[in-house]
Ligand code: B16
Ligand code: MG
């Protein structure tokens, strides 16, 4: 690759753990529909869009709904989920995330968000991180879900950099695939078993710094 000019970050699982709030809200919906939804089931929803998440949930419960009902239930889940994220505090930022973003800023590396969430702006505001992002590509701005590279390609475009100059940080397999499909370098956050296609895999952004980033140029 060329010189690294930008870093693109997924939100849930990379900068903050919103999965726990998604889980509570989906579990309540499942309960209302008459079935159990476990934490293990919730793993399947990470990085997946809201409507696809609902489809997976309904498949688990063996429930069929009309399109109209699906929209109503997805809205209901989102309203419940928002009561949690509206109470989020900056101390919920995952370890090392803010200091790494700040370090990138001082080194002149551009920063974008590339998330499936339609609530990304609210979350970044609650965490007081919005000012660090030059571009925010979220679920309201894309038509193709990861593993399609659209979300990251749009991020590169808004930052005015080439895909080859970007490094993506992702916790979901589909996100790693999206980065690779977009010809970007990728740092996986989580386990090598799931994120084996990433260039390197780390436990979290606390294990990342500018020098380690530059080592990806080679
Ligand atoms: P919303 P990411 C994803 O965030 C979550 O991992 C996924 O569980 C959620 O369904 C999706 O956002 C959509 O979220 O309902 O807020 O639009 O990992 O892409 O930052
Ligand atoms: Mg994620």
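Below are the figures for this structure:
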| read-out | value |
| --- | --- |
| Relative packing of peptides 29-41, 164-176, 107-119 - highest average C-beta neighbours within 10 Å first | 164-176, 107-119, 29-41 |
| Potential extension, residue 71-residue 134 segment - 0.36 nm per residue separation minus Cα distance | 19.5 nm |
| Along each principal axis, Cα extent of segment 2-51, largest first, Å | 53, 18, 16 |
| Global geometry of segment 19-85, whether rounded, prolate or oblate, following the gyration tensor of its Cα atoms and the 1.5 cut on a/c | rounded |
| Rounded, prolate or oblate (a/c below 1.5 giving rounded, otherwise prolate when a/b exceeds b/c) for segment 117-218 by Cα gyration tensor | rounded |
| Anisotropy class of segment 59-139 from Cα gyration tensor, a/c 1.5 cut | prolate |
| Fewest-first sequence of 82, 50 by Cβ atoms within 10 Å of each Cβ | 82, 50 |
| Compactness index (Cα Rg / 2.2 N^0.38 Å), the chain | 1.01 |
| GNM result for the chain, Cα springs below 10 Å: residue of 23, 81, 131 fluctuating most strongly | 131 |
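Read-outs throughout are calculated quantities, based only on the coordinates presented, and are distinct from any laboratory measurement. Predicted model only: the values in this text are computed from it and were never measured. Quick reminder, even Gly has a Cβ in these numbers, built from the backbone with ideal geometry, and neighbours come from all protein chains shown.
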